[in-house]
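Peer 1: One structure follows; several queries about it will come next.
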Amino acid sequence: MKKIFAVALGILTAIGGFVDIGDLITNALVGSRFGLSLVWVVVVGVVGICVFAEMSGRVAAVSGRGTFDLIRERLGPRVGLTNLVASMLVTFLTLAAEIGGVALALELATSVNRFLWMPVAGAAVWLVLWWVKFAVLENAFGLAGLSLIVFAVAVWKLGPDWGSLAEHALNPVVPPNESHTVYFYYAIALFGAAMTPYEVFFFSSGGVEEKWTPKDLGTMRANVFIGFPLGGLLSLAIAACTSLVFLPHGITVDTLGQTGLPVVVAVGKVGLAFVLLGFFAATFGAACETGLSVGYSIAQYLGWQWGKFVEPLRAARFHTVLLLSCIGGVALLLTTVDPVMLTEYSVVFSAIALPLTYFPILVVANDRTYMGDHVNGRLANLLGTLYMLLVIVASVAAIPLMVMTKAGQ
């Protein structure tokens, strides 16, 4: 039973990483505009995050140290600081988007304006990070987020032509009314959403929190190879739902409410209840992940005491960072910035920051000083190198495509 619950860390990371506000909106939008012609990007993203999450988890289990602790020691303070600043800017932007996502979910459930919910959501995230134990955090929100499986049920209930769906996914083409530049802009957005930097920071730091050792490598790999593909399947189900309901009518999804509408059409009020629970659990869980990731990374780089495994007063600076991050995220949202727009920008900026995030992990995972006999094997290095080339291409292309397409318009 203990081993079964250990996999909950991977489930939480999958739900909060793959199916956060970024994926809820981006996958729904892509499904409504491109159908399943971008499924290949989700598959590529799933494999990529599995490769680097396994590396970062293995590093945490073998060394017992956090990612940025090792990055600073291995690459030096200047390079480490560059990685820290780039990754934390993206992670903070993602945190603000997730808090906005919680507010949007509560607005859907209560009809109370999201701006009234934003301070409440930010305060709730901080209180959970302050008081709730790590094991409770991962189990509660990870398992509650599984209610998003209702999207897969909705696909089945909609009774699609499965052969046509498979044909569309396996033979992707750009729709006649869309340009190739817009198509590849959203490909990069989906890729960035799948491989957001905070996922590996949270996953590896969570391993340190749970005191992983080399004996736990099997459990860690189960987390990776069960949790992340599960998140990918849920992402595909969301895209399939909006493709079936909206694409034939030429309707583009641009709100969280529209994302859940296909489930209501297929399943009814019961489906709506599951959708609202899933929206809240996924966005709140992701807000907790991103908030912790900001605190983890800064504290590890600066050598502070950190983590939920110590009393808050013994890690006061770590918890101060968490508090200030939540306040900053709410303040950004209260400027009336659209949470959906913030989400779309955050996933593209994630793609830009990927090389700075994943290159140090690849370096440390090959260093016998830290890893001993658990250094990368040939397959891990081959996949890691291929994905480094891919993330560099995505990073270089992201801004030009954003400018050329006016952010996918």
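Peer 1: Within the range 95-127, can you find the residues that are touching a residue at least 12 places away in the same chain (Cβ under 8 Å) and open to solvent by 10 Å² or more (accessible area, probe 1.4 Å)?
Peer 2: Passing the criteria: Leu104, Leu106, Leu108, Ala109, Arg114, Phe115, Trp117, Pro119, Val120, Ala123, Ala124, Trp126.
Peer 1: Quick one: Glu209 ticks every box in (1) within 24 Å of Leu24 (Cα to Cα); (2) modelled with pLDDT under 85 bar one, so which box is it?
Peer 2: (1)
Peer 1: Hey, another quick one. Which pairs do you get when a residue that is touching a residue at least 40 places away in the same chain (Cβ under 8 Å) and closer than 23 Å to Pro77 by Cβ, found in the range 300-329, comes within reach of a residue that is open to solvent by 60 Å² or more (accessible area, probe 1.4 Å) and not aliphatic (A, V, I, L, M), reach meaning Cβ atoms under 7 angstrom, with the pair 6+ apart or on two chains?
Peer 2: Tyr301/Arg72; Ser325/Phe92
Peer 1: Further, regarding this structure: Count, please, the residues in the range 273-326 that happen to be farther than 17 Å from Ala96 by Cβ, among the polar types (S, T, N, Q) and open to solvent by less than 30 Å² (accessible area, probe 1.4 Å).
Peer 2: Result for the range 273-326: 1.
Peer 1: Let me ask something additional. I'd like the full set of residues that are open to solvent by 30 Å² or more (accessible area, probe 1.4 Å) and of a type in the set (Gly, Ala, Ser), limited to the range 373-389.
Peer 2: Correct list: Gly377 only.
Peer 1: Only residues that are polar (S, T, N, Q) and outside any helix (DSSP H, G or I): list them for the range 202-220, please.
Peer 2: If the condition is that a residue be polar (S, T, N, Q) and outside any helix (DSSP H, G or I), then Thr213 is the only one that fits.
Peer 1: Further question on the same structure: Taking Gly291 as the residue in question, decide whether it is small (Gly, Ala, Ser) and under 15 Å from the mean Cα position of the chain (by Cα).
Peer 2: In short, yes.
Peer 1: When you look at Ser111, is it more than 17 Å from the chain's Cα centre (by Cα) and among the hydroxyl-bearing types (Ser, Thr, Tyr), yes or no?
Peer 2: For Ser111, the condition - more than 17 Å from the chain's Cα centre (by Cα) and among the hydroxyl-bearing types (Ser, Thr, Tyr) - is met.
Peer 1: Right, another one. Determine the pairs where a residue that is over 19 Å from Gly232 (Cβ atoms), located within the range 133-161, has a partner that is surrounded by 15 or more Cβ atoms within 10 Å (Cβ to Cβ) and β-branched (Val, Ile, Thr) with Cβ atoms under 7 Å apart, the partner being 6 or more residues away or on another chain.
Peer 2: Leu137/Val128; Lys157/Val267
Peer 1: Also, quick follow-up: Checking the conditions here, which among Ile226, Ile238, Ile188 is of a type in the set (Val, Ile, Thr) and out of contact with any Gly (no Cβ under 9 Å at 6 or more places or on another chain)?
Peer 2: Ile188
Peer 1: When you check Thr259 against the structure, is it within 30 Å of Glu209 (Cβ to Cβ), buried (at least 20 other Cβ atoms within 10 Å of the Cβ) and under 20 Å from the mean Cα position of the chain (by Cα), yes or no?
Peer 2: no
Peer 1: So if I check each of Leu244, Leu230, which one is assigned to a helix (DSSP H, G or I) and open to solvent by less than 50 Å² (accessible area, probe 1.4 Å)?
Peer 2: After ruling out the rest, the residue left standing is Leu230.
Peer 1: Pull up the range 163-199, narrow it to residues that are of a type in the set (A, V, I, L, M) and assigned to a loop (DSSP other than H, G, I, E, B), then point me to the one that is surrounded by the most Cβ atoms within 10 Å (Cβ to Cβ).
Peer 2: That would be Met195.
Peer 1: Hey, among Val90, Val39, which residue is within 19 Å of Gly285 (Cβ to Cβ), surrounded by 23 or more Cβ atoms within 10 Å (Cβ to Cβ) and touching a residue at least 60 places away in the same chain (Cβ under 8 Å)?
Peer 2: Val90
Peer 1: Within the range 259-315, how many residues are acidic (Asp, Glu) and touching a helix residue (DSSP H, G or I) at 6+ places or on another chain (Cβ under 9 Å)?
Peer 2: 1
Peer 1: Could you list all residues from the range 360-370 that are among the hydrophobic types (A, V, I, L, M, F, W, C) and surrounded by fewer than 18 Cβ atoms within 10 Å (Cβ to Cβ)?
Peer 2: Correct list: Val363 only.
The values are calculated or read from the model by the stated rules, or taken from the named source; none is laboratory data. The model shown is predicted, which means the values in this text are computed figures rather than measured ones. Every residue, glycine among them, receives a Cβ derived from its backbone with ideal geometry; neighbour counts consider all protein chains shown. We work out accessible area using only protein heavy atoms, side chains counted, and drop any ligands, DNA or RNA first. Shrake-Rupley method; radii C 1.70, N 1.55, O 1.52, S 1.80 Å.
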